[in-house]
Amino acid sequence: MKVFKTGAAAAVAAVLALTATACGGSSDKASGDGGASGGAKDKIAIGIKFDQPGLGLKTPDGKFTGFDVDVATYVAKELGYQPDQIEFKQAVSAERENLIANGDVKLVVATYTINDKRKAKVDFAGPYFLAHQDLLVRADETSITKAEDLNKKKLCSVTGSTSAQNVKTKLAPEADLQQLGGYSECLTGLENKAVDALTTDDSILAGYAAQEKNKGKFKLTGLKLSDEPYGIGLKKGDKDLQTKVNAALKKMVEDGSWQKAVDANFGPANYKAEPAPQITEGS
């Protein structure tokens, strides 16, 4: 009889231990830190562009497409998150550092060029892509084959663009610089012959040129006016996350997913992307 009581007590204790473990599991889920921490994973918030075709675009039906979206989704998977556990947040250029510092997102994958000024505020993984400043012209354009050819011609970019100023101050000082509110406005002007060229990163230009409505209308000059290594931004000092993201990027290249994403998002523009760059951050 005494043995029976001891066995029953052990069984009750075991049940109570299991119950406590089950109740405690939910405490590992993320709450306001841009992603999960600990064991159980809930969601991960990732900053992307919402308005860049081919890179980061939010479609009218609420879906997200583009190379940066594909990279972000792959990295999230390697971190343990399924696509339905990703919360994409808009990361406009001026707010990328703030989104990371405030914990609004865990990662930023948004044509985010690695440079020393930004590295003073955030850390990067990667780079995962090497873009260059370039020019987009009409498909039948033959008079613009180098930057100097823009002298006396109308060059378009968005207001405050460093790309446009780079051309204006260093390469073609006599270019007639037109600064508009968005790249789509420049494209309309280019198509209508109101401007002669549009400048920004070649990856961004290729994304616009690859849109169904723009196929065959434009071409890139392939001038490579600057180097723009894109990295994945993350909170400064989070070396563990940086190491894991770098490992995910390496795997994406090795298993062919990186090239597949490049072909799918930029191929229609006949854009010849650079090979996957060597990862330099965190090493």
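The values are calculated or read from the model by the stated rules, or taken from the named source; none is laboratory data. Note that the structure is a prediction, hence the values are computed from the model and not measured. We place every Cβ from the backbone using ideal geometry, glycine too, and count neighbours over all the protein chains shown. We work out accessible area using only protein heavy atoms, side chains counted, and drop any ligands, DNA or RNA first. Shrake-Rupley method; radii C 1.70, N 1.55, O 1.52, S 1.80 Å.
Results, tabulated for the structure shown:
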| item | result |
| --- | --- |
| Area of residue 253 that stays accessible when all protein chains are in place (1.4 Å probe, Å², to 10) | 70 Å² |
| Pairs beyond 23 Å (Cα-Cα), from 43/89; 77/117; 49/213; 58/260; 154/217; 77/235 | 77/117 |
| Residue 152/residue 215 FRET efficiency (R0 35 Å; Cβ-Cβ; nearest 0.05) | 0.70 |
| Förster-model FRET efficiency, 41 Å R0, residue 194 and residue 263, C-beta, rounded to 0.05 | 0.80 |
| Cα gyration tensor category, rounded, prolate or oblate, for the range 209-266 with a/c compared to 1.5 | prolate |
| Listed peptides 139-151, 98-110, 231-243 by packing density, highest first (mean Cβ within 10 Å) | 98-110, 231-243, 139-151 |
| The chain, accessible surface, carbon-and-sulfur percent (1.4 angstrom probe) | 52 percent |
| Descending semi-axes in whole angstrom, ellipsoid equivalent of the range 106-264, from the Cα gyration tensor | 32, 18, 13 |
| Between the range 164-205 and the range 255-274, the alpha-carbon center distance in angstrom | 24 Å |
| Surface accessible to a 1.4 Å probe, residue 77 within the full protein complex, Å² | 100 Å² |
| Residues whose placed amide H lies under 5 Å from that of residue 57, excluding near-sequence neighbours | 52, 65 |
| Amide hydrogen neighbours beyond the local backbone of residue 131, cut-off 5 Å, H modeled | 228, 230 |
| Solvent-accessible heavy-atom area per residue, rounded to whole Å², over the range 93-157 at 1.4 Å | 39 Å² |
| Mean Kyte hydropathy of -1.0 or more with a Cα span along the axis of at least 18 Å, helices from DSSP in the chain | 2-25, 239-254 |
| Anisotropy class of the range 85-132 from Cα gyration tensor, a/c 1.5 cut | oblate |
| For the chain, the fraction of alpha-carbon pairs in successive 10 Å shells from zero, as % | 6, 26, 29, 18, 9, 4, 3, 2, 1, 0, 0 |
